[in-house]
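What follows draws every value from the coordinates through simple rules; no lab data is involved. On a predicted model such as this, the values are computed, not experimentally measured, just so you know. Every residue, glycine as well, gets a Cβ built from its backbone with ideal geometry; the counts of neighbours run over all protein chains shown.
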Amino acid sequence: MILDKIDTKNMFLYYSGKMALNNISIQIPEKKVTAFIGPSGCGKSTFLRSLNRMNDLIDGVKIEGKVMIDSINIYDKNIDVVNLRKKVGMVFQKSNPFAKSIYENIAYGPKINGINNKHQLDEIVETALKNAAIWDEVKDRLGDSALGLSGGQQQRLCIARTLAVNPEIVLMDEPASALDPLSTAKIEELIVQLKELYTIVIVTHNMQQAARISDNTAFFYLGELIEYDKTRKIFTNPDKKQTEDYITGRFG
Amino acid sequence: MENYRIFDSELDKLAHKVIQMCSQVNQQIIDVVLALKTADLVIAKKVIINDEYINNLDVKIDKLCQKIFALQQPVASDLRYIISALKINNDLERIGDHAVSIAKRIEPLQDYLQLVEDLGIEVIGIKTTDLFSDVVELVKTHDLAFAEQIMSKAAELKDECKSVAATILTEMMQQSEVVVVAANILIITNLFERISGYSTNIAESITFVVNGEIVKHKKHIENN
């Protein structure tokens, strides 16, 4: 049985009083890839960031409604945001490795979570790098600076860094948009593999990418969730004209 | 607010070629039915020669579809249209081939025009012409009322072909001297029946373009 990992109910988000998300209710299933698509400014990244309270860092943001993860509203007052972000990891458009060694990039999160045993850290680093499909490329140079890796490798390193703290959900905000086709293909393959272990939510401007890797697709426009369905349905026979116009490039 | 997309011109070109193919095939049907009625070998020859034009158009449409798939990665209604254009093109090409097969069987019927008429092949031919003119309209307009009409007319025509085939078989058993020519007429009847089947396919493809619904085999599936 497929469970809903994330369930938002009548969610509104305002930036300094201006509505950016309008009444979003969506159920995101566990261990599936869910893609958010829509034109720039439609609210898809804002919505993604609200799933691990990254918008808390922006002044003037006000959120109404509920964002339930495993049936708990993450905007309840007693929620520990640090723990939430361990559970709901995030990968950004631009890879952002620390100016440290490859090993230290991965070990950093577990260390600040109190793991100091070298043997345990070694295991975490190896598992995370293997799960991010970069272990074979870096296993002989774990002490080298992460900044010496290629863009595609840096992005997979950042995914490994996210996985190292053992999240349940991984949010990805255009993770391959700055990469060449080969690196993009590796990231896409990785995402499809990762869904066996994690719930993945990805924002992408590349509709073919959404079509290739996601199980479900949500189309956002002007802060509203216009249509949400199986990816195959969205890309062959969407119900809403706005969705059809957007994915076929007819949108003005 | 709609944008004109670079590949709209390719889609327009494809739609134009499919309609062109449809019109050519329609003319082939009109001609072959006329040739059959009058045993006119000149018209029959014309049908055989014109098939090359249809075959060329078939290849052009295939190539254009391949190009759009490869370069434009169509989705949604565009995707459904191109998938259907390929299938419709294939059905039209087969109908064209059947018109040629009929044309090639006209010569031996020259001395048996009365038998052709008596067995009802002429009526089958006229009904096929009528059916296919609806197909042309449907491909031009995507009006689903025509699709329904075609599916029902094609089913009727199919039944009539079966009934005519049964009459021919009876005739063959009763009159041994007409066995050879009757066998020829039987094959022609079967070819008209196949044309009605392809017309149904085209109506189903257009239904898929318009509403994304796969209607082929539906009755069969529902009955099982």
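The calculated FRET efficiency for B:Ala145 paired with A:Lys233, based on their beta-carbon distance and R0 = 25 Å, is about 0.40.
Counted over all Cα-Cα pairs of the protein assembly as shown, pairs farther apart than 33 Å make up 55 percent. Here the dipole of the protein assembly as shown is about 2040 debye; that uses its Cα centre as origin and unit charges on the Cβ of Lys and Arg (positive) and Asp and Glu (negative).
Between the residues B:Val47, B:Val116, B:Ser163, the greatest Cα displacement towards the positive end of the dipole of the range B:2-222, with unit charges on the Cβ of Lys, Arg, Asp and Glu, is found for B:Val47. With kT/(6 pi eta Rh) evaluated at 10 °C and eta = 1.306 mPa s, and Rh the Kirkwood radius from Cα pairs, the range B:2-222 diffuses with a coefficient of 87 µm²/s according to Stokes-Einstein.
A helix-only calculation puts chain B at -29500 deg cm²/dmol for mean residue ellipticity at 222 nm, using -39500 (n - 2.57) for each DSSP H run of at least four residues, averaged over all residues.
Share of antiparallel DSSP beta bridges in the protein assembly as shown, in percent to the nearest 5? If we restrict to bridges inside the protein assembly as shown, about 60 percent are antiparallel. Partners of B:Lys17 within straight-line reach, counting lysines whose Cα lies under 28 Å from its Cα and excluding those fewer than 8 residues away in the same chain: A:Lys241, B:Lys45, B:Lys46, B:Lys60, B:Lys63, B:Lys67, B:Lys87, B:Lys104, B:Lys127, B:Lys140, B:Lys153, B:Lys216.
Of the complete DSSP H runs in chain A, those spanning 18 angstrom or more by Cα along the long axis with a mean Kyte-Doolittle score not below 0.5 are A:181-194. Net charge of the neighbourhood of A:Lys139, taken over other residues with C-beta under 10 Å away and scored Lys/Arg +1, Asp/Glu -1, is -2. Computed about the Cα centre, the dipole magnitude for the range B:87-170 is approximately 280 debye when only Lys and Arg (+1) and Asp and Glu (-1) carry charge, each at its Cβ.
One-quarter of the Cα convex hull surface for the range A:1-133, in nm²?
Quarter of the Cα hull surface area: 10.4 nm².
Taking 7 Å steps out from each Cα toward its Cβ at A:Glu189 and B:Glu137 produces label points 5.5 nm apart. Charged side chains reduced to their Cβ positions (Lys and Arg at +1, Asp and Glu at -1) give the range B:2-222 a dipole of some 620 debye around its Cα centre. With contributions of -39500 (n - 2.57) from each DSSP H run of at least four residues, the per-residue ellipticity at 222 nm computed over chain A stands at -10000 deg cm²/dmol.
Quick one: if the Förster radius is 35 Å, what FRET efficiency do A:Ile2 and A:Lys77 give, using the C-beta to C-beta distance and rounding to 0.05? It comes to 0.70. Among beta bridges identified by DSSP and lying wholly in chain A, the antiparallel ones come to about 60 percent.
For A:Lys18, a cut-off of 17 angstrom between C-alpha atoms picks up these lysines, skipping any fewer than 8 places away in its own chain: A:Lys44, A:Lys62.
Placing unit charges on the Cβ atoms of the charged side chains and taking the dipole of the range B:2-222 about its Cα centre, the candidate lying farthest along the positive direction among B:Gln175, B:Leu186, B:Ser199 is B:Ser199.
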